[in-house]
Each structure stands twice: as structure tokens, then as C-alpha cells.
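Each remark here refers to the structure printed beneath this line.
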Amino acid sequence: MSTAEQLATALNQLRSRVGDRVLGPDDPGWDDARRPWNLSVEQHPAAVATPESAQDVVAVVDVARQHGLRVAPQGTGHSASPRASLEGSVLLDMSRMNAVQIDPERRRARLQAGAQWRHVVGPAAEHGLAGLSGSAPDVCVTGYALGGGASWMIRRYGLAANSIRAAEVVTADGREVRADAGSEPELFWALRGGGGSFGIVTALELELFPVRELYGGVLFWPQERAAEVLGAWHEWAAGVPEEMTSLGRLLNVPPLEEVPEPVRGRAFVLVEAAWLGDEAGGAELLAPLRELGPEMDTFAMIPPTGLPALHMDPPEPVPGAGDGMLLGDFPAGAIDALVGTAGPGTDSPLVSIEVRHLGGAAGRPHHEHGALAAIDAPHALYAVGMAANEDMKQTVVERLDRLQAALAPWDAGRFLNFTERPVGTARMFSDETHRRLREIKSKYDPDNVIQANHEIPPAG
Ligand SMILES: Cc1cc2nc3c(=O)[nH]c(=O)nc-3n(C[C@H](O)[C@H](O)[C@H](O)COP(=O)(O)OP(=O)(O)OC[C@H]3O[C@@H](n4cnc5c(N)ncnc54)[C@H](O)[C@@H]3O)c2cc1C
């Protein structure tokens, strides 16, 4: 049988098991089905399946295996860019499985694997609770949490991966299992920070935290003051309590109609922060930064439902090219390197370069940790630019390369969630953790059926 005939047979079998929840390249709606959140990435899988239940996922895994296809789970496609070619894969679009239940007594959320943070934040807040959500409300909780999960509360509560209390998983051999502290402990360990290589998650149970309000907001200065403000922020952040999570950022606001006039088309240096405490305490802590005379100051007491607006992430899919790195320190030399490569007067195509302050609970191994126990670096950088066509993408990628080269003296490795290029997972974990992850991959998926964005290869 030719490859085309084999694929046609596989598609027919998939349709007989999951009906119209599977599309092939000749079907109407194909281009919409294969399009990820990051619109700069062209995905060309063999088929796209949109399961509505764990049984659908089992069916897809069974048929894919029989035909030598891989299975690539996707929440939204925020991290579509590092994934290898999908030519021989079924893309498993989990977005229809997005139901969320909150158990306020046990402070738990049970969510299907396609749920995004926007599906969780509101229902949890109704009970005075919050999950460890990141900056963007439309990121899928599962992809985010499996890859570590850096939230606005990371310095107080640690990585979101370690707030996973249980995962329901379809394994590469088509079994439905529950992984938690008492069952499938190795799989449970690997899922918490090791990424999506170990099974197809169909539901998660997450710990929630009692948070009714935070003091959160943004301070804006003209970007000409980048070095001064980033230096002051770095010094200030070194002394704040764990209840304060913040970042320093260069933001070149696009000149788009929908952007409010005071910021449209302007270049800023920002400090964004969330303080788990009251207004008086937060204001006292922020005083040294306010003494620098910010042009705008949006700090206020906000419920957790206000957090997703803080970082001003794009509300809809966009074409972007980005990448990140961990920094072992962010002293004046690193600030000069950053500002000199992508600050004022450099004609930088990067829209945003942020440096997040970690440490605190982010840097201490969680008492019930999985593969990513903590992040052993005080700062994480992430930079991104618009990539609406190949030329724009190339220009952004070149500047990302220059930025990473300029910051090489402070390079402290890679954080899976902020890595949007295929660098190899060995750079994201200690040798010992990577070796253990590879062994677990061999045990649960020896034939490498499941295709993650950042793949842990089976031990070999
Ligand atoms: C605008 C923006 C803001 C962000 N903010 C933050 C932030 O504040 N903190 C942070 O830590 N990260 C952040 N990220 C990074 C984000 O967490 C990662 O891109 C994450 O992988 C997105 O998950 P997803 O499922 O939405 O994306 P996808 O690209 O769909 O998935 C990424 C990978 O997750 C795995 N995966 C997804 N679903 C499943 C499943 N059901 N079973 C098994 N594996 C699965 C797969 O390996 C997949 O390739 C941000 C990214 C963007 C673009």
C-alpha cells in the first residue's frame, strides 16, 4: 500500500471510531482545524482529531498506533513553534474537553485537559480561591502546568506543576490511568514539569489557594529610562518578601487602533507586580519605585479575575516568534547588554522583553515535587516579536539570537514553557532528572508514539 493509501485507511478507521470529530487534508474546515494559536506556525499533520471524551482519545491512540502514526496533543498551540514536523502525526486538538469543576471544601479544581485559564479563574474566584495561573487567560492549563507554570504567585506558592494533585491520562498503549501520589507514581512525577511526552492527559486535579484580592498593577516609564529603571527594579526585587512577584520589561506597544491612545505606538520600560497582601503593605513596598516618577501607575486592589489583564498579552491568536532563557543574575552588565541589543535606538523588532523575578518558593524544591522541583535561577527572560511573514520572522529571530548571545555570560539554562525553539530537553533539566525522565518515557512510551513540543526521547 502507498503512504497515501495507508493514510486514507487510517482516516477511515478513525472516522469509524470517532465520527466527524476527525478531519483529513481534503475535508472542509481543514485549514481552521490545523491552525495553532501562534499563527506564524504552519502545521501539516496527517489528520486532526478533536476528542470529546477520554474514550475518543483511546480510539485515536489505537488507530494511530496500528498505522505507525504519532499522536500530538495540543491545548491551544501557544507553543506550536518548537514542535517537530507533524507530517506523520495525528494532531489531537483537546479544546472541546474544557469542563471545570471546583471543590471549595478540598480547594481543588478538576478540569478537562483542554480547559484554558479563563475557564478556571472565574469559577475559582467565586469561592475566594485562585489557581497558579500565568499571564495569558487563553493559555491551556494542561500544557502550562506540565511545562512548569510560572504564575503571578510563583514566589509564594512555587511552580504550577507542583500544584497538580492528580492527572487522568491515556497512555501510549491506549490504557486509561490515574496518576497521583498513590498510583502510577513515576508517571505522576514525570508529568509535573517534564512536559507532554509521557501520555495524553485528559483531566487534571489542581490545588487552589485562598486568594480573594491582590494589590497588582503596572508602572510605566518612557523607554529612554530603561537602564535606570531595570537597575532600580533589580535592586528593589532582591529585598522584597515572597508575597511579591514582579517583572521588569521593555514594551514596544504596536500602533494599532484597538490599543488605548495613551500607550498606542509608544516604547516603555515597565515594572509589573502582584502583591499577596493589602494595599497599605503593597504601597509601602512599592514606594522606592514610585519615587522614580512613573508616567502611569495602574496599581489597585484586584480580585484574581483581574490578574489576566495585568500583562496585556494578546487577547487573540497572533503570529509571533519568541524565545526565553534563565539568567543566573541580572546585574548592571546584563542590563546594559539587554538595553544595548533591544532598547531605545536599536531599531529592535521585539515587541516585548520581560525579565521575571523568581526565587522564593520558585527556587526551593517543593515538598511534593515532580520532575521540576524548582527553578534554580533567580530570573527568567522571555522575548517576542511579531512574525506576520517570513521576512518579519527572520528579523525577529536574528534579534533573539543577538539578545541571547549578549546575555550568554548570565545564561543559566532553559525553562520549558519559555522555550519556543527546539533546543533539546537536556538543557532544561539536571542530568539526573533528564536521565530519569528518559527512563520513564521508555517505560510508558517505548515506541515514541506521543509527540510533545519539547520531546523527552526514550532512553536508548
Ligand atoms: C502569550 C503567552 C503567555 C504566556 N504566559 C506564560 C506564563 O505566564 N507562565 C508560563 O509558565 N508560561 C507562559 N506561557 C508559555 C505557555 O505556558 C506554554 O506555551 C504552554 O506550552 C502552553 O500550553 P498550551 O497547551 O496552551 O499550548 P500547546 O502548544 O497546545 O501545548 C504545548 C505542549 O503541551 C503539551 N500538552 C498540551 N496539552 C496536552 C495534553 N492534554 N496531554 C499531554 N500533553 C499536552 C504538548 O506537549 C504540547 O506540545 C505563555 C505563552 C504565551 C504565548
Requested in this report: Can you check what the net charge comes to around Arg21, using other residues whose Cβ is under 15 Å from the Cβ of Arg21 (Lys, Arg +1; Asp, Glu -1)?
Outcome: -3
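Tell me, in nm to one decimal, what length is gained between Ser430 and Arg290 on full extension, where the rule is 0.36 nm per residue of separation less the Cα-Cα distance?
On the way: separation 140, 0.36 × 140 = 50.40 nm, distance 3.96 nm.
Length difference between fully extended and current span is 46.4 nm.
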Requested in this report: Can you send over the solvent-accessible area of Tyr157, 1.4 Å probe, protein chains only, in Å² to the nearest 10?
Outcome: 40 Å²
Report task. Please identify which residues in the stretch 44-70 have an amide N closer than 15 Å to a label point set 7 Å out from the Cα of Glu186, following the Cα→Cβ vector. Result -> none
Query raised in the report: So if R0 is 60 Å, what FRET efficiency would Asp62 and Asp411 give, r being the distance between their Cβ atoms, rounded to the nearest 0.05?
Result: 0.90
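Round to a whole number: what % of the accessible area of the chain belongs to carbon and sulfur, probe 1.4 Å? The partial results should precede the final answer.
Details: 9140 of 18090 Å².
Reported share for carbon and sulfur atoms: 51 percent.
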Query raised in the report: Name the residues of the stretch 166-185 whose amide N is less than 15 Å from a point 7 angstrom out from the Cα of Glu368 along the C-beta direction?
Result: 166-168, 179-185
Query raised in the report: Given the Cα-Cα distance of Ser16 and Ser442 and 0.36 nm per residue of separation, how much length would full extension add, in nm?
Result: 150.3 nm
Report task. Mind checking the full-extension length gain between Thr298 and Ala99? Use 0.36 nm per residue of separation minus the Cα-Cα distance, one decimal, nm. Result -> 68.3 nm
Query raised in the report: Accessible area per residue of the chain at 1.4 Å probe, in Å²?
Result: 39 Å²
Requested in this report: Please say if the stretch 421-460 is rounded, prolate or oblate, where rounded means a/c under 1.5 for a ≥ b ≥ c the square roots of the C-alpha gyration tensor eigenvalues, and otherwise the choice is prolate for a/b larger than b/c and oblate otherwise?
Outcome: oblate
Requested in this report: For Lys443, Lys393, write out the residues from largest to smallest accessible area, computed with a 1.4 angstrom probe and no ligands counted.
Outcome: Lys443, Lys393
Query raised in the report: What translational diffusion coefficient, in µm²/s and rounded to a whole number, does the Stokes-Einstein relation yield for the stretch 1-125 at 4 °C and a viscosity of 1.567 mPa s, taking the hydrodynamic radius as the Kirkwood radius over Cα pairs?
Result: 84 µm²/s
Query - Two-site label geometry, Gln394 and Leu39: point separation in nm, points 7 Å out along Cα→Cβ - result: 2.2 nm
Query raised in the report: Measuring from a point 7 Å past the Cα of Trp30 along Cα-to-C-beta, which residues in the stretch 46-77 have an amide N at less than 12 Å?
Result: 46-48
Query raised in the report: Put a dot 7 Å past each Cα toward the Cβ at Thr9 and Glu176; how far apart are the dots in nm?
Result: 2.9 nm
Query raised in the report: In what sequence, largest accessible area first, do Met312, Met153 appear using a 1.4 Å probe?
Result: Met312, Met153
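The values are calculated or read from the model by the stated rules, or taken from the named source; none is laboratory data. Source: prediction; values computed, not measured. For neighbour counting, all protein chains shown are included, and Cβ atoms are generated from backbone atoms with ideal geometry for every residue, glycine included. These accessible areas exclude ligands, DNA and RNA; they are computed on the full protein's heavy atoms, side chains included. Shrake-Rupley method; radii C 1.70, N 1.55, O 1.52, S 1.80 Å.
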